[in-house]
Amino acid sequence: MKTKQNQKKKKINLKIKRIFLLLFSIGIIGLSSGLFLLYGPYTWVRETLITTAMTTMSHQYLARWFFSDEYINKVLVSNALIEPEGETNPDIIEMPDFENDKKYASKYEKDIFEGVNENTIYKIIDVEGKGYKGYIVAIYKPEKVKLAVSSKLGTEGETVKTMAQKNNALITMNGGGFFDPTWNGNGGIPHGTVIKDGRIIYDYVDAQVGGGFIGFDKDNKLILGRMTKEQAIAKGMRDAIEFGPYLIINGKAAFSDGDGGWGIAPRSAIGQRQDGIVLFAVIDGRSTSSLGIDMVGLTKLMQNYGAINAANLDGGTSSALLEGQELVNHPRSTMNGPSGVLRRIATAWIVVE
């Protein structure tokens, strides 16, 4: 009897040892693979990790865990985004003419024009690319695009849902960045100058992210330009923020050998086609179904849909898109964290009736 029990114990112990050896081997293989990806001959993984982490304010430690400041700076320099020079020329923008826009030159043109007419205000288009999913909103009446701001601007921010409700907006997308001390700001203080209805309503230091003014003039044309607030008013800006970087100016796109130094993240952008149609772009990130997009990919996406002028907006958790009061995309604050997180922000772009 004891012999049988001893044999049974030996079999159980042998199984435990085998399981332990298997898990240990898997751990060693996983660690080796991780070290190979981080320090091996292929640079894409480590450069993406560095540029993605260093773009955020609260996760830069992820890069510093593995790499020296000297190497991090080297990677950031080699991946820097080179913005297009100059400012937008509004004379090349013409308002939409649906009678002449019925032929589809590409899939993207079909996405824009199929099923719309002169009464259509906007259309939401699902987009998908390598590692990302998101949305393009085509707005066919540029005069319907307005700037919304927190009702407590300078003190406290509001979510896009609150701004949408207060403005009875058809579409709402986040706008520029905001002062975020210790990465725990309440979204109340916008970076840069804010112009609404043709007058300056707030002015603070800019975000130092490139770009400059992003806004619409009284002819409903998107203006991108590095200028003073006095010059912006003189140019007839009706609604504007300051942020960046610029992605496309007068058809000339930003250039980068790498990912632009911004890594992969949730992103938002605004642009305008030569026919006057305004484009909102919101890309999801921080999930296995959509990691996010880098600046090069965002620029290409805006180009594909015909943007002749385009600029990056605030990203990360701030990237949000609403249709009415319904959240369209899936904002997240952390990788695979809860979906639908809405951050309080200072400004938003809206589409109204």
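Figures for the structure shown
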quantity	calculated
Flag for Ala269 being in a strand (DSSP E or B), in contact with a Leu (Cβ under 9 Å, 6 or more places away or on another chain), farther than 21 Å from Val149 by Cβ and hydrophobic (A, V, I, L, M, F, W, C)	no
Yes/no for Ser78 being within 27 Å of Arg226 (Cβ to Cβ) and surrounded by fewer than 16 Cβ atoms within 10 Å (Cβ to Cβ)	yes
Answer residue from region 229-256, given it is closer than 24 Å to Gly316 by Cβ and touching a helix residue (DSSP H, G or I) at 6+ places or on another chain (Cβ under 8 Å) and is modelled with the lowest pLDDT among those	Ser256
Some residue of region 180-189 being among the aromatic types (Phe, Trp, Tyr) and either part of a helix (DSSP H, G or I) or touching a Lys or Arg at 6+ places or on another chain (Cβ under 8 Å) (or both)	yes
Subset tally (residues that are under 30 Å from Thr288 (Cβ atoms) and aliphatic (A, V, I, L, M)) for region 117-162	7
Residues of region 340-353 satisfying the condition of being in contact with a strand residue (DSSP E or B) (Cβ under 9 Å, 6 or more places away or on another chain) and surrounded by fewer than 17 Cβ atoms within 10 Å (Cβ to Cβ)	Gly340, Val352
Region 133-179: number of residues that are assigned to a strand (DSSP E or B), over 27 Å from Ile93 (Cα atoms) and among the aliphatic types (A, V, I, L, M)	0
Qualifying positions in region 207-216 - assigned to a loop (DSSP other than H, G, I, E, B) and either of a type in the set (A, V, I, L, M) or not assigned by TED's automatic domain parsing to the domain that holds Glu158 (or both)	Ala207, Val209
Residue within region 325-332 that is touching a strand residue (DSSP E or B) at 6+ places or on another chain (Cβ under 7 Å), of a type in the set (Asp, Glu) and either free of Cβ contacts under 8 Å to residues at least 60 places away in the same chain or in a loop (DSSP other than H, G, I, E, B) (or both) present	no
The listed residue being modelled with pLDDT of 90 or more and under 20 Å from Trp262 (Cα atoms), out of Gly115, Gly129	Gly129
Restricting region 224-250 to residues that are under 20 Å from the mean Cα position of the chain (by Cα) and assigned to a loop (DSSP other than H, G, I, E, B), the residue that is surrounded by the fewest Cβ atoms within 10 Å (Cβ to Cβ)	Pro245
First in region 62-75 and more than 22 Å from Asp257 (Cβ to Cβ), second anywhere and at pLDDT below 75, Cβ under 6 Å, 6 or more apart	Leu62/Ala53; Phe66/Leu38
Scope region 191-206; condition part of a strand (DSSP E or B) and farther than 12 Å from Thr347 by Cβ; matching residues	Arg199, Ile200, Asp203
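Yes/no matrix, rows are residues, columns are (1) under 20 Å from Val278 (Cβ atoms); (2) in contact with a Leu (Cβ under 8 Å, 6 or more places away or on another chain); (3) not assigned by TED's automatic domain parsing to the domain that holds Lys166:
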| site | (1), (2), (3) |
| --- | --- |
| Gln303 | yes, no, no |
| Ala307 | yes, yes, no |
| Asn312 | yes, yes, no |
| Gly315 | yes, no, no |
| Glu323 | yes, yes, no |
| Glu326 | no, no, no |
| Pro331 | no, yes, no |
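The values are calculated or read from the model by the stated rules, or taken from the named source; none is laboratory data. Note that the coordinates shown come from a computational prediction; the quantities given were computed from them, not determined experimentally. No Cβ is skipped: glycine too gets one built from the backbone with ideal geometry, and neighbour counts run over all protein chains shown.
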